[in-house]
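The values are calculated or read from the model by the stated rules, or taken from the named source; none is laboratory data. Please read these numbers as outputs of a predicted model, since none were measured by experiment. Here the Cβ positions follow ideal geometry from the backbone for every residue, glycine too, while neighbour counts run over all protein chains shown. Each accessible area value is taken on the protein alone, full model and side chains, heavy atoms only, with ligands, DNA and RNA left out. Shrake-Rupley method; radii C 1.70, N 1.55, O 1.52, S 1.80 Å.
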Amino acid sequence: MSGTKALDINALSQDLRASNRAALARGITLIESRRADHQAAARDLVQALLPRTGKAFRVGITGSPGVGKSTTIDALGMYLIEHGHKVAVLAVDPSSARTGGSILGDKTRMARLSASDQAYIRPSPSSGTLGGVAAKTREAMLLCEAAGFDVVLVETVGIGQSETVVADMTDFFLALMLPGAGDELQGIKKGLVELADMIAINKADGDNLKRANLAAADYRSALHILAPRSQHWHPPVETYSALTGAGIDKLWQTIVEHRTAMNASGEFAARRREQQVKWMWSMLEQRIMARLRSEPAIRARVKKTEAEVADGRISPAVAAEQIAELLR
Ligand SMILES: Nc1nc2c(ncn2[C@@H]2O[C@H](COP(=O)(O)OP(=O)(O)O)[C@@H](O)[C@H]2O)c(=O)[nH]1
Ligand SMILES: [Mg+2]
């Protein structure tokens, strides 16, 4: 991507629609670029592809490190490919810039999927705020859809608000848990369970089987006291093993049942519409913040105002008013 002249968005968009993987990769690189001309080109690209997007099953997957997300994505991804799907795997990992490694970095745990030409795996964009990373992942998802991937799996490790942003860009949100790690239910971390459309307890194999079933019973009773996200869906609790593959079919079946129920009640379309609008607002917020931070004249004024607020010379309300004026 050498310069604006080298970018032929029409050609790129055509190649991408023809499922050309190199074009898909180039398109996502464009989306992730910080260069203003690349960002403008990326907006044109997404706009051009928009009519070809939206047809995939979008599934968010979260869980603590070690719960088996990568192993699950490999097993579920291969199951889907065997059933005729094309699977894209994306990630929202705002920590990858700091740690230098992405949660999708461990491709050895996704050896089968990485080798399949019916799968496309893309690590998390590794720079920026959670909002910025999420926006790029959302657009990458649209590109994958335009390239013909009909299932998109979005992984997150659940740092800060990343679960919420992934739930906000997917149709189904899957929370992975470990079999009975002590008496406390790890996942009843406030907020997470309210977002989950299903809780799946991994590693239900070998000596873990009994503990997995006990954990499932605990989660079921815990979920009982929470108000479900939808009137038409009570989040089920399943056990499975990503290692042996036992229960992977049931996981997918549940996701399909959810989609059927959401389509029937009209919530599927409603959720997508709501997400579009939220997305617009989140992009708008980012643009405004970017202007405040990047335009030298504005930035200097904001710095000065900030110092005045810190010293107690003007109130935060007056300062906010003054900064808002700058944006006019
Ligand atoms: N026994 C068992 N081990 C598993 C299973 N799934 C994953 N693991 C193991 O758990 C560890 C962490 O898995 P990984 O997929 O890397 O977890 P992630 O950090 O959530 O992506 C690895 O050693 C896996 O082999 C499973 O279903 N059963
Ligand atoms: Mg992993």
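How about region 187-271: which trypsin sites (Lys or Arg not before Pro) there are in a DSSP loop, with at most 13 other Cβ atoms within 10 Å of their Cβ? It would help to have the intermediate numbers written out before the result.
On the way: sites: Lys189, Lys190, Lys203, Lys210, Arg211, Arg220, Arg229, Lys250, Arg259, Arg271; in loops: Lys189, Lys190, Lys203, Arg229.
The qualifying sites are Lys189, Lys190.
Sequentially through region 202-209, phi angles give Karplus couplings (6.51, -1.76, 1.60; θ = phi - 60°) of 7, 6, 7, 8, x, 5, 7, 3 Hz, Gly and Pro residues having no value and appearing as x. For the chain, the solvent-accessible area with a 1.4 angstrom probe is 49 square angstrom per residue.
Heavy-atom accessible area, probed at 1.4 angstrom with all protein chains present, ranks Asp15, Asp44 as Asp44, Asp15, highest first. Taking amide H as placed 1.01 Å from N in the peptide plane, Leu243 has its amide H under 5 Å from the amide H of Lys203, each at least 5 places away in sequence or on another chain. When the Cα positions of Gly158, Leu226, Phe172 are compared along the charge dipole of region 136-261, Leu226 comes out farthest toward the positive end, with charges on each C-beta of Lys, Arg, Asp and Glu. Legend: residue pairs Lys278/Lys304; Lys55/Lys136; Lys86/Lys203; Lys86/Lys250; Lys55/Lys203, Cα-Cα distance threshold 21 Å; pairs beyond threshold, Lys278/Lys304; Lys86/Lys203; Lys55/Lys203. Dipole magnitude for region 267-328: computed about the Cα centre from +1 point charges on Lys and Arg Cβ and -1 point charges on Asp and Glu Cβ, it is near 280 debye.
Grab the DSSP H runs of the chain that are 4 residues or longer, score each as -39,500 (n - 2.57), total them, divide by all residues and round the 222 nm result to the nearest 500 deg cm²/dmol.
Numbers: 14 runs with 173 residues, N = 328.
That calculation yields -16500 deg cm²/dmol at 222 nm.
Extent along the principal axes, Cα only, for region 1-96: 45, 33, 20 Å, with the longest axis given first. Of all aspartates and glutamates in the structure, those lying under 18 Å Cα to Cα from Lys210, and not within fewer than 8 positions of it along the same chain, are Asp183, Glu184, Asp218, Glu238.
The relative contact order of region 196-328, computed from alpha carbon pairs under 8 Å that lie at least 6 residues apart in sequence, is 18 percent.
For the chain, the longest principal axis of the alpha carbon atoms and the long axis of helix 21-32 meet at an angle near 50°. Fully extending the segment from Asp150 to Ala246, taken as 0.36 nm per residue of separation minus the present Cα-Cα distance, adds 32.2 nm. The charge dipole of region 204-328, taken about the Cα centre with unit charges on the Cβ atoms of Lys, Arg (+1) and Asp, Glu (-1), comes to about 460 debye, rounded to the nearest 20. Size descriptors for the chain, from the alpha-carbon set: Rg then Dmax equal 21.6, 66 Å.
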